Each structure stands twice: as structure tokens, then as C-alpha cells.
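Below you'll find the structure, written out as C-alpha cells, and then a few comments.
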Amino acid sequence: MAVCEGLELASQLGHSVLEVESDSATVVSWVLSQGPVRWDYSYILRQACRLISSASIQVRHVLREATSAADFLANWACSHKSSRRFFSYQELPRGLLGILCTDAQSIPYVRR
């Protein structure tokens with residue numbers, strides 16, 4: 001589950017203050033322990049809850065349009081069969097910088 005992997009990476013990199021946004025209301029309710037959890041996700045969700053309780057992390061549901069950058073990266077990873085991590089703007093795939101710039105300016109991104 002991407003939310004849990006992101007929390008784990010942030011923890012490894014020493015980040016303790018995070019805002020997590022997901023377009024999956026189900027995943028948000030699971031992570032916030034507000035809903036029934038599928039048994040096959042219970043272990044990984046326990047790990048996420050442990051990470052959340054050890055840091056200052058806000059988790060909230062957002063509309064799909066707000067997760068354009070994450071969606072772009074997920075599609076890129078699938079098409080390139082890669083789990084690469086990017087640590088600078090210079091490394092980012094072509095096309096992602098435009099999405100990030102519009103997001104930083106609070107301009108709505110319309111998917112094609």
C-alpha cells in the first residue's frame with residue numbers, strides 16, 4: 001500500500017512532520033483506525049499506525065485531482081517497471097515538473 005510505503009520512506013529519511021493526502025477514503029479510514037480493515041492489510045496498517053503515532057502526521061482524504069503527481073509517478077513506475085526513488089528535481093521524469101508547478105500555484109490539474 002503506497003501510503004504505508006511513503007510513511008516508511010519518510011521515517012527512514014528522518015522526516016517527522018508530514019501531511020499525507022490520499023484519494024482513497026477507504027485507505028484513509030483504515031490508516032486513521034476508523035473503519036473495518038481487510039485481514040490481508042492488517043499487518044501493514046499496524047506498521048503505518050506505529051509510524052503515525054511516532055511522528056506528527058496528518059492524514060486526510062482529498063479529491064482525485066489533488067493526487068495528480070502521485071498518479072503520474074505510479075503510472076511512470078508501472079510503464080518503466082521501476083521502483084526508483086527521486087531525491088532532486090533534476091532526477092524527476094519529464095512531465096512531472098509541470099504538474100508540480102501547477103500544484104504549487106494552486107492551479108487545478110485536469111487529467112487527460
(request) May I ask for log10 I(q)/I(0) of the stretch 48-102 at q = 0.23, 0.31 Å⁻¹, from a Debye sum over the Cα atoms as equal point scatterers with solvent left out? (result) -1.00, -1.15
(message) If I build a Gaussian network model for the chain, linking alpha-carbon pairs within less than 10 angstrom, which residue out of S88, S33, S53 has the largest mean-square fluctuation?
(response) S88
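So how do W39, W76 rank on accessible area, 1.4 Å probe, biggest first, that is with the largest at the start?
In descending accessible area the options line up as W39, W76.
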(message) Just to make sure I understand: if all protein chains stay in place, what is the order of T67, T26, T102 by accessible area at 1.4 Å, largest first?
(response) T26, T102, T67
(request) Quick one: among A74, A48, A66, which has the greatest mean-square fluctuation in a GNM of the chain with alpha-carbon springs under 10 angstrom? (result) A74
(message) Per DSSP helix of 4 or more residues, -39500 (n - 2.57); summed, then divided by the residues of the chain. What does that give at 222 nm, rounded to the nearest 500?
(response) -14000 deg cm²/dmol
(request) Please compute P(r) over all alpha-carbon pairs of the chain, binned at 5 Å starting from zero, and give each bin as a whole-number percent. (result) 2, 10, 19, 20, 22, 16, 8, 2, 0
(request) Report the residue, chosen from E19, E65, E91, that carries the largest GNM mean-square fluctuation when the chain is represented by alpha-carbon nodes joined by springs under 10 Å. (result) E91
(message) Given a 1.4 angstrom probe, I'd like the percentage of the accessible area of the stretch 6-106 that is carbon and sulfur, rounded to a whole number.
(response) 54 percent
(message) For the pair L9/F86, report the inter-label distance in nm, with labels modelled 7 Å from Cα in the Cβ direction.
(response) 1.0 nm
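The values are calculated or read from the model by the stated rules, or taken from the named source; none is laboratory data. Note that the structure is a prediction, hence the values are computed from the model and not measured. Every residue, glycine as well, gets a Cβ built from its backbone with ideal geometry; the counts of neighbours run over all protein chains shown. Keep in mind that these areas ignore ligands, DNA and RNA; they rest on the heavy atoms of the full protein, side chains included. Shrake-Rupley method; radii C 1.70, N 1.55, O 1.52, S 1.80 Å.
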